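Engineer: Before I ask anything, let me first share the structure, which is written out below as structure tokens.
Since every read-out is calculated from the coordinates, none of them should be taken as a lab result. Since the structure is predicted, the reported quantities are computational estimates derived from the model, not experimental observations. We place every Cβ from the backbone using ideal geometry, glycine too, and count neighbours over all the protein chains shown.
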Amino acid sequence: MTAVKTENLTYTYGIGTPFEKTAVNDVNLEIEQGELVGIIGHTGSGKSTLIQHLNGLLKPTSGRILIDGADIWDKSANRRDVRFKVGLVFQYPEYQIFEDTVEKDIAFGPKNMGLSDDEIKKRVIETAEIVGLSPEILTKSPFELSGGQKRRVAIAGVMAMEPSVLILDEPVAGLDPRGREKILAQIKTYHAKKNATVLLISHSMEDVARYASKILVMNEGSVYCYEDTPIVFSKAEELAKMGLSVPQITKVFLKLKERGFDVRTDIYTIDFAIKKLLEMKN
Amino acid sequence: MLKDITIGQFFPGNSLLHKLDPRFKIIITGIFIAMLFAAQTFTALIPGVVFMIIGYAASKIPFSLMIKSLKPIIPIIIFTSILNLFFLDGIVIFKLWIIKITYDGVTYTGMMIIRIIALIAGSSLLTYTTSPIALTDAIESLLSPLKKIKFPVHELAMMMSIALRFIPTLIEETDKIMSAQKARGADMESGGLIHRAKALTPILVPLFVSAFSRAMELATAMECRCYRGGEGRTRLKQLSSSARDYLTTSFSLIFLNMVFLLNVYMAG
């Protein structure tokens, strides 16, 4: 089933001013339900603009967006309901925290959905568990927490709405390696538990390689390609032209091949590399 | 969207107006305002309006931008026009029940509309063509005589430039926070006054938090670079005036004189 679909989606900023710029240009996409998609692209390639269309925050200059087959800009459509269905976590989401306790802040989304108090409580506890926040933190002020914890509170705030499509714009930017690992694993948990569609913008090819089943490559406002992970990372040269790269481990194997070793080049995670190397050894 | 506001924005360029010394630009803006307010008749308003049009032509700022900057003041214009149109005494030209329109009312309203539009559009040229930094430098320079009476001119100018510098940043920040809260289903467009005021909390709290932390960071960064006020401070870009600046100022003074002459001539 198609969860997210765009038809000729185009968005132009500042029409009629000297700053006019087409950020997203004629994007046609079809994302299947339950997919975990990595979105990569150079800064200014239109990734962030694109995802803000998917939950109706930006209105396309032209084109359509369909969520579960329904046009979100249809006259009868309610954009607020779309936002509960398509959860969007912005870059540095900890800046959106405003309540005096962690619990209340996570509950903001569910409360806006008009859920019962029991249901809200249940969801807060459940999502806090997914993102690894211990129960005693729930009653604390979010402003006392560390950067990584704040980030997880903010992500939990969106997850608590239980969106069937979860979009995250660089969720691990600016965190230490352990914090990155944790959050990515938690996103994966949410993906598996709720059978949700997840779209993940990232600048780290390693992260995308490890978690995403498909990759969407954006270049200068257009979709360059949308393919399975191995296919995308086999285009190392084309990616380099766009200022992108492939995971380090893939680079290692490409260099080995260049020097005459008979190795595969569709290797993009370390685990897979080890497996293949051991196979070759035996 | 908030980003569409153009009043006070700076549009980089290379025109005559961009190159003028900002101090003279402020003085000329003052002269321009005097032109508009000294005018007592329609005819006397002409020099001011013509001066503004010449200014726009010389600045190469697109005319559409000026129209856009006027949009937010339309309600003010309509409101004051209605007040002036119906409540001024004089020779009655139209009367219906208790509503009466006078000749004086019509002329006064017409003049006022032209005045407000020219005032906003004309003085916007100052900020369109002058970077905020240049503007505050100019203010500091123009106010420097006040240093003699221990008025903290430099500190005032520094505060102004920091404030101006952060307006776009804060607007962007507000936009971002609003989007983030909308994504969590915050409802800011419906409901009564109290409901709407309450709906602002999720925006104002994060905005204040980030504004304060930004201020702290800026203060630290300034201290790290040994900032300690204006005493003995030199500038990278020195303000310098040339013949061009004096000529333009004289040109504006000619227009101001024309207003006075027209006032006298039309009255006599």
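Engineer: Run the Debye formula on the Cα coordinates of the protein assembly as shown, all scatterers equal and no solvent, and tell me log10 I(q)/I(0) at q = 0.09, 0.10, 0.11, 0.12 1/Å.
Structural biologist: Once normalised to I(0) and log-transformed, intensities are -0.89, -1.02, -1.12, -1.21.
Engineer: Oh, and also: Looking only at segment A:196-230, which residues have a backbone nitrogen under 19 Å from a spot 7 Å from the Cα of A:Glu181 in the C-beta direction?
Structural biologist: In segment A:196-230, the label zone of A:Glu181 (backbone N under 19 Å from the point 7 Å along Cα→Cβ) covers A:204-212.
Engineer: Further, regarding this structure: Could you calculate the FRET efficiency of B:Glu217 with A:Gln91 from 1/(1 + (r/R0)^6), where r is the beta carbon distance between them and R0 is 22 Å, rounded to 0.05?
Structural biologist: 0.75
Engineer: Rounded if a/c is under 1.5, else prolate if a/b beats b/c, else oblate: with a ≥ b ≥ c from the C-alpha gyration tensor eigenvalues square-rooted, which is segment B:1-91?
Structural biologist: Oblate.
Engineer: If R₀ is 60 angstrom, what is the calculated FRET efficiency for the pair A:Tyr13 and B:Ile149, using the beta carbon separation as r and rounding to 0.05?
Structural biologist: Numbers: r = 48 Å, r/R0 = 0.80.
That pair, A:Tyr13 with B:Ile149, gives E of 0.80.
Engineer: Let me ask something additional. To the nearest whole percent, what portion of all C-alpha pairs in segment B:2-267 is separated by more than 26 angstrom?
Structural biologist: Numbers: 20865 of 35245 pairs.
Cα-Cα pairs in segment B:2-267 separated by more than 26 Å: 59 percent.
Engineer: Could you pull out the trypsin sites (Lys or Arg not before Pro) across segment B:106-208 that fall in loop regions by DSSP (anything but H, G, I, E, B) with no more than 14 other Cβ atoms inside 10 Å? All intermediate terms of the calculation are to be shown ahead of the outcome.
Structural biologist: Values: sites: B:Arg115, B:Lys147, B:Lys148, B:Lys150, B:Arg165, B:Lys176, B:Lys182, B:Arg184, B:Arg196, B:Lys198; in loops: B:Lys150, B:Arg184.
The qualifying sites are B:Lys150.
Engineer: Let me ask something else. Give me the number: length gained by fully extending B:Asp89 to B:Phe208, i.e. 0.36 nm times residue separation minus the C-alpha to C-alpha distance, one decimal in nm. Kindly include the intermediate steps, with their values, before the conclusion.
Structural biologist: Values: separation 119, 0.36 × 119 = 42.84 nm, distance 4.95 nm.
Taking 0.36 nm per residue and subtracting the Cα distance, the gain is 37.9 nm.
Engineer: May I pose another question? Express the relative contact order of chain A as a whole percentage, based on alpha carbon pairs under 8 Å and six or more residues apart in sequence. Mind showing how you got there, number by number?
Structural biologist: Numbers: 513 pairs, mean separation 61.5, N = 282.
After rounding, I find 22 percent.
Engineer: When the distances between all Cα atoms of segment A:47-115 are binned every 5 Å from zero, what whole-number percent does each bin get?
Structural biologist: 3, 14, 23, 21, 17, 12, 7, 2, 0
Engineer: Oh, and also: R0 = 45 Å: FRET efficiency of B:Met159 with B:Phe251, Cβ-based, nearest 0.05? Each step should come with its number before you reach the end.
Structural biologist: Details: r = 33 Å, r/R0 = 0.74.
Here the calculated transfer efficiency is 0.85.
Engineer: Using per-residue counts of other Cβ atoms within 10 Å, averaged over each peptide, order A:250-256, A:84-90 from highest down.
Structural biologist: Going by the mean number of other Cβ atoms within 10 Å, highest first, we get A:84-90, A:250-256.
Engineer: Hey, another quick one. With springs only between Cα atoms under 10 Å, which of B:Thr136, B:Thr102, B:Thr234 fluctuates most in a Gaussian network model of chain B?
Structural biologist: B:Thr234
Engineer: Could you tell me how far the Cα centroid of segment A:27-93 sits from the Cα centroid of segment B:213-255, in Å?
Structural biologist: Comparing the Cα centres of segment B:213-255 and segment A:27-93, I get a distance of 45 Å.
Engineer: Would you mind calculating the gained length between B:Ala197 and B:Lys71 on full extension (0.36 nm times residue separation, minus the Cα-Cα distance), in nm to one decimal? All intermediate terms of the calculation are to be shown ahead of the outcome.
Structural biologist: Values: separation 126, 0.36 × 126 = 45.36 nm, distance 2.52 nm.
Stretched out fully, the B:Ala197 to B:Lys71 stretch lengthens by 42.8 nm.
Engineer: Still on this structure, I have one more. Excluding A:Leu277 itself, calculate the net charge of residues whose Cβ lies under 13 Å from the Cβ of A:Leu277, where each Lys or Arg counts +1 and each Asp or Glu counts -1. List each step's numbers first, then the result.
Structural biologist: Numbers: positive: A:Arg264, A:Lys275, A:Lys276, A:Lys281; negative: A:Asp262, A:Asp271, A:Glu279.
The answer is +1.
Engineer: Explain nothing, just the number: relative contact order of chain B, from Cα pairs under 8 Å at least 6 residues apart, as a whole percent.
Structural biologist: Values: 231 pairs, mean separation 85.4, N = 268.
It rounds to 32 percent for chain B.
Engineer: Also, quick follow-up: For segment A:2-229, what is the Kirkwood hydrodynamic radius in Å, using each pair of distinct C-alpha atoms? If you can, show how the numbers build up before the last one.
Structural biologist: Numbers: mean 1/r = 0.0556 Å⁻¹.
That comes to 18.0 Å for segment A:2-229.
Engineer: Other chains' Cβ within 10 Å of A:78-90 residues: what's the mean? Provide the component values of the computation, followed by the final result.
Structural biologist: On the way: counts 0, 2, 6, 1, 0, 5, 3, 0, 1, 3, 5, 3, 5.
Per-residue shielding by partner chains comes out at 3.
Engineer: On a C-alpha basis, how far is the centre of segment A:129-198 from the centre of segment A:204-243 in Å? Whole number, if you could?
Structural biologist: 24 Å
Engineer: How far is the Cα center of segment B:50-106 from the Cα center of segment B:126-171, in Å?
Structural biologist: 32 Å
Engineer: What distance in nm lies between label points placed 7 Å from Cα along the C-beta direction at A:Ile125 and A:Leu254?
Structural biologist: Those two pseudo-labels are separated by 5.0 nm.
Engineer: For A:Lys194 paired with A:Glu237, estimate the spin-label separation in nm (one decimal), with each label point 7 Å from Cα along the Cα-to-Cβ line.
Structural biologist: Here the answer is 4.3 nm between the modelled labels.
Engineer: Once amide H atoms are built 1.01 Å from N in the peptide plane, which residues 5 or more positions from A:Ser222, or in another chain, come under 5 Å H to H?
Structural biologist: For A:Ser222, whose amide H was placed from the backbone, the distant partners under 5 Å are A:Asn25.
Engineer: Given an 8 Å cut-off on Cα distances and at least 6 residues of separation, report the relative contact order of segment A:48-150 as a percent. Walk me through the numbers on the way to the answer.
Structural biologist: Details: 72 pairs, mean separation 22.1, N = 103.
Relative contact order, segment A:48-150: 21 percent.
Engineer: Scan around A:Gly41 for amide H atoms under 5 Å from its own, H built in the peptide plane at 1.01 Å from N, and keep only partners 5 or more places away or cross-chain.
Structural biologist: Hits under the 5 Å cutoff: A:Met218.
Engineer: While we're looking at this one, here's another question. Sorted by packing (mean other beta-carbon atoms within 10 Å per residue), highest first, where do B:54-63, A:225-234, A:203-212, A:10-19 land?
Structural biologist: Values: B:54-63: 16.4, A:225-234: 17.9, A:203-212: 20.4, A:10-19: 14.3.
Sorting B:54-63, A:225-234, A:203-212, A:10-19 by mean packing, highest first, produces A:203-212, A:225-234, B:54-63, A:10-19.
Engineer: Are any of the pairs A:Lys85/A:Lys188; A:Lys241/B:Lys176; A:Lys75/A:Lys214; A:Lys150/A:Lys182; A:Lys235/A:Lys257 more than 22 Å apart by Cα-Cα distance, and if so, which?
Structural biologist: On the way: A:Lys85/A:Lys188 18 Å; A:Lys241/B:Lys176 31 Å; A:Lys75/A:Lys214 33 Å; A:Lys150/A:Lys182 13 Å; A:Lys235/A:Lys257 15 Å.
Long pairs (Cα-Cα over 22 Å): A:Lys241/B:Lys176; A:Lys75/A:Lys214.
Engineer: Shifting gears a bit: Quote to one decimal, in nm, the extra length available between A:Ala173 and A:Asp118 on full extension: 0.36 nm per residue of separation minus the C-alpha distance between them.
Structural biologist: Details: separation 55, 0.36 × 55 = 19.80 nm, distance 3.40 nm.
Length difference between fully extended and current span is 16.4 nm.
Engineer: Convert each backbone phi in segment B:250-263 into a coupling constant with the Karplus relation 6.51 cos²θ - 1.76 cosθ + 1.60 (shift: θ = phi - 60°), then list the ³J(HN,Hα) values in order as whole Hz, x for Gly and Pro.
Structural biologist: Values, residue by residue: 4, 4, 5, 5, 4, 4, 4, 4, 4, 4, 4, 4, 5, 4 Hz.
Engineer: Which number comes out as Rg/Rh for segment A:117-251 once both Rg and the Kirkwood Rh are worked out on C-alpha atoms? Before the final figure, lay out the partial values.
Structural biologist: Working: Rg = 16.9 Å, Rh = 16.4 Å.
Here Rg/Rh amounts to 1.03.
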